Every structure is written in C-alpha cells, then in structure tokens.
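Every read-out reported here was derived from the displayed coordinates using simple, explicitly stated rules and does not represent laboratory data. All of these numbers come straight from a predicted model, not from anything done at the bench. All Cβ positions, even for glycine, are placed from backbone atoms using ideal geometry, and neighbour counts span all protein chains on display.
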Amino acid sequence: MVNLVYKRVSTDQQSTARQNLVLDEAGIEDPVVFEEDPGTSSRLHPLQRPKFRELLTYARPGDTVHISEMFRLVRGTGHILDVLDVLHREQVALRIHDGAFSAMDLTARHPRTGELLSTVKFMVQTLAAAGELQHDLQRELTYDGLRAAEAKGNKGGRRPAVPAAKTDTVRTSYLEGRSIAALARDHGVSRGAIRTAVAGLLPDHTAIEEVPPPQSCRSPSTCPARSRTSSALPNWTPPSGPRSTRG
C-alpha cells in the first residue's frame, strides 16, 4: 500500500505551507507527492487536472490518497461524487486530515449494491454545498469591498513586494543570468514577487523552481516503477446529463 499526497493552491502568490503543516502532523509514512502547478483553477474538474490524473494513473488497489482538506481537491457537490466513484472503482481509499470531512468515512458503501451509502451521500452533498456557498459569499464580499474602495479613489490589489526603485536592478540581474530563487533570497521576497518584477522577460512556459524534498520517494519520478494490475484511467469527461445512481 502506498500513501499518495495531493496538494493544490489557487494562485502562484499562495503557498502550500498550511497544507504541509496538516499533512506533516498526520505522520504519513513514505508519501508520494503530487502537487498541481500554482494557479490550477478550482473550477477545472479534478479528474481533468494534470497532477490528479497522474496520481490516479500511478495509484494501485489498496493505496490511500491523502489531502489536507476536501476543498483542495473539489468545490462542487457533483465533483466530489465523481471523484468518489472513480476512487471506489480503482479500489483507492481517500483520507482527509482537516475540516468537516475529516471525521467522515467517505468509502462506506452498501454491502450488496456497492452504492455510496445514502447517509454519506447526503452529508457529502450538504457539506460541499455549504462550502461552495461560503466561497461564493467571500467572493461577493471581496468584490463589494473593491468597488467601495474604488468609489473612494483607492486602487485595489496588493502593493508589489519588490519596490519600484529596485525593479530595474532585479530585471538587469535576471538578464545577466541570476535565477529567480537567487534573486528572491537576495532581496528577501517571494519567488512570485520576483516573477512579477521580471514579467515580460520570462519565456511562455517558465519552469517553477523548487528545492527537491529530502525524502527519497517524494514524487513518482523518484519512486520505483509500478506495474498496473487494474485498467488504465480512461479519458474522462464530465457527464452532460443527470448523474447515474448506479454504483
């Protein structure tokens, strides 16, 4: 059995620090980590996200998927049920370590029909709907706050972390070959702030620079190859009609 860890943030200005804290406290043994590129949209169906699809392809029956909280993986109720159906089919368990879903057994199925228990389905749909409502309300309040600030003549958004007086120096150093990570250390700012300062100088597809984790098996590329005993994950597309009630 292998422990598969999934992480995702919504923008390249965010970090996985909180997720790392929750997952580290869980004491997961020999995790294999799948982390989406920063900015992978939460609106994209989880089964269409590159790293989660890679996780499902790598998974074998008996493995467990670990996430810090449910909404790092899904937002809408339909997405949750779709993911649970696929994990059940692949015989892969799901473990959530924080939030309301952490106290639930999301793998509970009827012993004869194999369908998700109605009580579990009801709780999943209820909690997901509540989380979706909270997300929408936060977005509406943010929008209203920005409009109120604009009406007073204030511009919204964060101030750039790299002062304007140092932007030319940063851009010159980048053109001279200094890496984004090195510039971030030199100026005591985040890598995202440096990327913003050198915007326009970056190629279309800039690789995210990351320090490799110390563990010997933190990603599929550093783990032994695994032979698949179940069918490969098909090219999945969201259902266009009503969801089936079949298990």
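I'd like the distance separating the alpha-carbon centroids of the range 23-43 and the range 45-60, in whole Å.
Between the Cα centre of the range 23-43 and that of the range 45-60, the gap is 12 Å.
Give me the extension gain from T126 to N20: residue separation times 0.36 nm, minus the current Cα-Cα distance, reported in nm with one decimal.
Full-extension gain reported as 35.5 nm.
Please work out how much length the chain gains when fully extended from D30 to L146, using 0.36 nm per residue of separation minus the C-alpha to C-alpha distance, in nm with one decimal.
Using 0.36 nm per residue and subtracting the Cα-Cα distance, I get 37.3 nm.
Given R₀ = 51 Å, what would the calculated FRET efficiency be for M1 paired with T167, taking r from the Cβ atoms and rounding to 0.05?
The value I calculate is 0.50.
Which whole-Hz couplings ³J(HN,Hα) result when phi for each residue of the range 23-37 is put into the Karplus expression 6.51 cos²θ - 1.76 cosθ + 1.60, θ = phi - 60°, listed in order with x for Gly and Pro?
For the range 23-37, the Karplus-derived couplings read 6, 5, 5, 6, x, 5, 7, 6, x, 9, 9, 10, 10, 5, 4 Hz, x marking Gly and Pro.
Could you check the simple spin-label distance between E54 and R226, using points 7 Å along Cα→Cβ, in nm with one decimal?
Each label point is offset 7 Å from its Cα along the Cβ direction, giving 1.4 nm.
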